Amino acid sequence: MLMGQMMDQPLLISTILDFAARHYARSEIVSQRVEGDVHRYTFHDCRRRAMQLAQALQALGVSAGERVGTLAWNGYRHLEAYYAVSGSGAVLHTINPRLHPEQLAYICNHAEDQYLLFDFCFLPLIEAIAPHCRTVKGWILLGGPERMPAATTIPHLLCYEDLLDAQSGDYVWPVFDENAAATLCYTSGTTGNPKGVLYSHRSTVLHAYASALPNVLNVSSRDAVMPVVPMFHVNAWGLPYSVPLSGAKMVFPGPALDGKSVYELMEKERVTFSAGVPTVWLGLINYCVQNQLKFTSFRRTVIGGSACPPAMMNTLIDDFGVEVIHGWGMTEMSPLGTTGGLLSKHLALPKAEQRKILQKQGHAIYGVDMKIVDELGKELPWDGASSGSLLVKGPWIAASYFKGEGGDVLEDGWFPTGDVASIDPDGFMQITDRAKDVIKSGGEWIGTIDLENIAMAHPAVMQAACIGVSHPKWDERPLLVVVRKPGQDLSREQLLAHFDGKVAKWWLPDDVVFADALPVGGTGKVQKNKLREQYRDYQLPSA
Ligand code: AMP
């Protein structure tokens with residue numbers, strides 16, 4: 001084999017911040033802080049402070065491979081931790097503060113976190129879990145000395161700004177194997193305990209390169225990017241890496257994720273691009289509609305994490321002029337796998353036809369391969385109709401879970417996603433459902449995403465979820481749980497009539513119940529397992 005003669009430089013996360021700080025030194029990072037004010041500085045400043053933090057962690061004795069946890073909203077100090085922890089060779093473990101305290105302690109113990117950095121608003125939570133976290137040697141409050149509590153039960157409480165002030169920032173990032181672990185995220189664990197996904201420097205850098213591509217997120221130095229998706233939800237979908245390498249401005253919303261706060265920050269900081277789960281956009285759209293507001297800079301958003309309802313996509317595009325990129329992925333995939341978009345041959349199609357393509361979960365990103373298989377594992381054709389279990393592979397897809405949890409997960413080298421999907425001849429993938437959400441009616445499958453999308457296209461519906469409820473004859477039948485828009489009147493019969501002609505008769509929901517709200521999990525997704533539990537004994541009229 002004749003070897004290439006290029007420089008052999010490992011793909012390390014620290015190189016992203018080095019690049020941004022040197023080549024886009026003055027690009028801004030703006031953060032809505034937990035303190036209530038807005039903080040702004042540059043990539044140059046961020047790097048200096050990240051290095052001070054790396055030194056501080058070294059002084060505390062954190063060594064390569066050890067885990068350092070974070071419990072924090074999106075902000076500049078969290079970004080510093082992203083680079084300082086991974087860059088120094090330790091492993092950044094982002095934790096979702098919306099988890100139950102027992103689950104937080106479980107994750108913290110399982111990861112064996114040595115230190116944990118937290119926003120001061122989580123002090124009561126830390127006081128509750130600290131006695132149960134066996135490996136944490138010190139708790140670092142992300143703030144200045146003025147934020148330190150006068151009295152607390154937390155042992156070894158340290159002040160972030162004091163730790164940084166004690167260091168010179170004269171630090172050289174270590175150079176090591178690009179396959180070394182960099183960050184750790186736990187899956188949401190709707191069934192059983194959450195499992196850890198351990199990303200490497202190499203997988204993170206490759207994912208960052210690929211996700212910035214025009215077919216994917218299309219991030220450039222002319223963008224101002226607001227990651228609404230939390231930095232504890234699969235590393236904010238890689239934006240803390242893909243944005244700095246693109247030189248774009250970053251705008252962090254902190255804890256203020258309601259429609260008004262997001263809108264005002266977007267306008268003030270001239271945000272052009274954002275990313276989040278559908279429930280976040282629901283709040284923002286409602287706020288804008290109620291107050292008759294339009295966006296003056298916001299042009300593009302990626303929506304994923306759960307299916308983007310077509311009604312939401314239409315509103316954003318038609319009423320607000322915001323391009324919607326439908327994205328699909330999972331924690332085990334760093335997370336991006338596919339993104340929506342049109343091919344040039346689609347540009348001449350009527351609008352309604354184009355929308356059908358945009359509503360699919362999209363095209364594979366270079367680096368990800370995918371296939372659909374039947375129950376026997378036989379590959380199914382890409383005809384846009386056959387649907388089967390979706391499997392993926394690629395360099396940023398998990399090969400196993402942290403500490404071997406769950407055993408061998410790969411099937412013949414492919415990762416089973418647990419999603420059911422079809423793929424069309426142009427390579428566009430469409431999710432029918434999560435395998436465990438599919439309704440099995442008389443031996444046939446009913447996909448719930450379709451039914452929810454139809455319900456949410458009704459003007460009086462704010463949110464809808466469809467679940468299978470047991471039925472003596474058909475095994476399971478669909479039940480729609482619906483949240484009406486404020487002040488809207490809508491009966492069961494009116495909503496069911498809205499389904500007429502839109503789906504096969506046997507797909508029609510058997511009943512509709514109206515609720516004040518749907519249960520939403522830590523990452524903003526509707527928790528169908530909770531709904532299934534709530535309506536387990538529900539008596540369908542047809543039963
Ligand atoms: P998580 O690892 O918690 O982010 O969950 C990943 C799962 O979310 C996927 O396996 C899908 O079931 C679901 N998901 C993510 N994005 C989408 C999407 N655009 N459409 C439908 N389901 C999605």
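Sorting ASP424, ASP162 by accessible area puts them as ASP162, ASP424; the probe is 1.4 Å, largest comes first, and only protein heavy atoms count. If you take the square roots of the eigenvalues of the alpha-carbon gyration tensor of region 261-369 and sort them as a ≥ b ≥ c, do you get rounded (a/c under 1.5), prolate (a/b over b/c) or oblate? Note, shape of region 261-369 comes out oblate. The mean sequence separation of alpha-carbon pairs under 8 Å and at least six residues apart, normalised by the residue count of the chain, gives a relative contact order of 10 percent.
Assign one of three labels to region 344-434, namely rounded, prolate or oblate, based on the Cα gyration tensor with a ≥ b ≥ c the square roots of its eigenvalues; rounded applies when a/c is under 1.5, prolate when it is not and a/b is larger than b/c, and oblate otherwise. Prolate, because a/c is 1.5 or more and a/b exceeds b/c. Here the chain has 51 percent of its accessible surface on carbon and sulfur atoms, given a 1.4 Å probe and all protein chains in place.
Cα centroid separation, region 61-87 to region 504-523: 39 Å. By the equivalent-ellipsoid construction on the alpha carbon gyration tensor, region 80-162 comes out with semi-axes of 18, 17, 11 Å, ordered largest to smallest. Of GLN52, GLY169, GLY487, which is farthest along the charge dipole of the chain in the positive direction, counting Lys and Arg as +1 and Asp and Glu as -1 at C-beta? Toward the positive end, the furthest listed residue is GLY487. The C-alpha atoms of the chain define a longest principal axis, and helix 76-87 lies at about 70 degrees to it.
Shape analysis of region 441-534 places it in the oblate category; the axes a ≥ b ≥ c from the Cα gyration tensor give an a/c of at least 1.5, with a/b not above b/c.
Put a plus charge on the Cβ of each Lys and Arg, a minus charge on the Cβ of each Asp and Glu, and nothing anywhere else: the dipole of the chain about its Cα centre is then about 760 debye. Among the protein heavy atoms, those of LEU343 account for about 60 Å² of accessible surface (1.4 Å probe, every chain in place). Per-residue surface analysis assigns ASP45 an accessible area of about 40 Å², computed on protein heavy atoms at 1.4 Å probe radius.
With a Förster radius of 22 Å applied to the C-beta separation of HIS39 and ARG270, the computed FRET efficiency comes to 0.80. Distance between the pseudo-spin-label points of ALA497 and ASP475 (7 Å out from Cα toward the beta carbon): 3.4 nm. DSSP beta bridges fully contained in the chain are about 55 percent antiparallel. Bridging of LYS440 to lysines at a Cα separation below 29 Å is possible for LYS195, LYS356, LYS360, LYS371, LYS378, LYS393, LYS473, LYS502, LYS505, LYS525, LYS528, LYS530, once same-chain residues fewer than 8 apart are set aside. Can you work out the PRE-style zone for ASN193? Point 7 Å along Cα to Cβ, and I want the residues of region 105-128 with backbone N under 13 Å. From region 105-128, the list is 105-112. Cross-link partners for LYS485 among the aspartates and glutamates, with Cα-Cα distance under 13 Å and sequence neighbours closer than 8 places in the same chain left out: ASP516. Taken about its Cα centre, region 151-299 carries a charge dipole of about 660 debye when Lys and Arg each add +1 at the Cβ and Asp and Glu each add -1 at the Cβ.
Heavy-atom accessible area with a 1.4 Å probe sorts PHE120, PHE499, largest first, into PHE120, PHE499.
For the chain, the solvent-accessible area works out to 43 Å² per residue, with a probe of 1.4 Å and every protein chain left in place. For the chain, the Kirkwood radius over C-alpha pairs fed into Stokes-Einstein at 10 °C and 1.306 mPa s yields D = 65 µm² per second.
Using alpha carbons only, how many angstrom separate the centre of region 220-275 from the centre of region 343-382? Taking the Cα centre of region 343-382 as reference, the centre of region 220-275 is 28 Å away.
Expressed as an acute angle from 0 to 90° and rounded to the nearest 10, what is the orientation of the C-alpha long axis of helix 259-268 relative to the principal long axis of the chain? Tilt of helix 259-268: around 60 degrees. Summary value for region 176-325: 17 percent relative contact order, contacts being C-alpha pairs under 8 angstrom separated by 6+ residues.
The length gained on full extension between LYS351 and MET1, counted as 0.36 nm times the residue separation minus their Cα-Cα distance, comes to 120.8 nm. Treating each Cα of region 178-247 as one equal point scatterer and applying the Debye formula with no solvent, the log10 of I(q)/I(0) at q = 0.20 Å⁻¹ comes out as -0.86. Between the amide H of GLU323 and those of ARG300, THR301, distances stay under 5 Å, these residues lying 5 or more places away or on another chain, with hydrogens modeled in the peptide plane.
The heavy atoms of LYS436 present about 100 square angstrom of accessible area, all protein chains included, probe 1.4 Å. Once the Cα atoms are used to define both axes, helix 14-23 deviates from the longest principal axis of the chain by about 80 degrees.
Averaging the sequence gap over all C-alpha pairs within less than 8 Å and six or more residues apart, then dividing by the number of residues, gives region 1-60 a relative contact order of 27 percent. Here is the list for region 455-543: trypsin sites (Lys or Arg not before Pro) lying in DSSP coil, each with at most 11 other C-beta atoms within 10 angstrom of its C-beta, are LYS473, ARG536. Dipole magnitude for region 441-534: computed about the Cα centre from +1 point charges on Lys and Arg Cβ and -1 point charges on Asp and Glu Cβ, it is near 180 debye. The 1.4 Å probe gives accessible areas that order ARG49, ARG147, ARG40, largest first, as ARG40, ARG147, ARG49.
The values are calculated or read from the model by the stated rules, or taken from the named source; none is laboratory data. Computed from a predicted structure; not experimentally measured. All Cβ positions, even for glycine, are placed from backbone atoms using ideal geometry, and neighbour counts span all protein chains on display. Side chains are part of the model used for accessible areas, which takes the heavy atoms of the whole protein and leaves out ligands, DNA and RNA. Shrake-Rupley method; radii C 1.70, N 1.55, O 1.52, S 1.80 Å.
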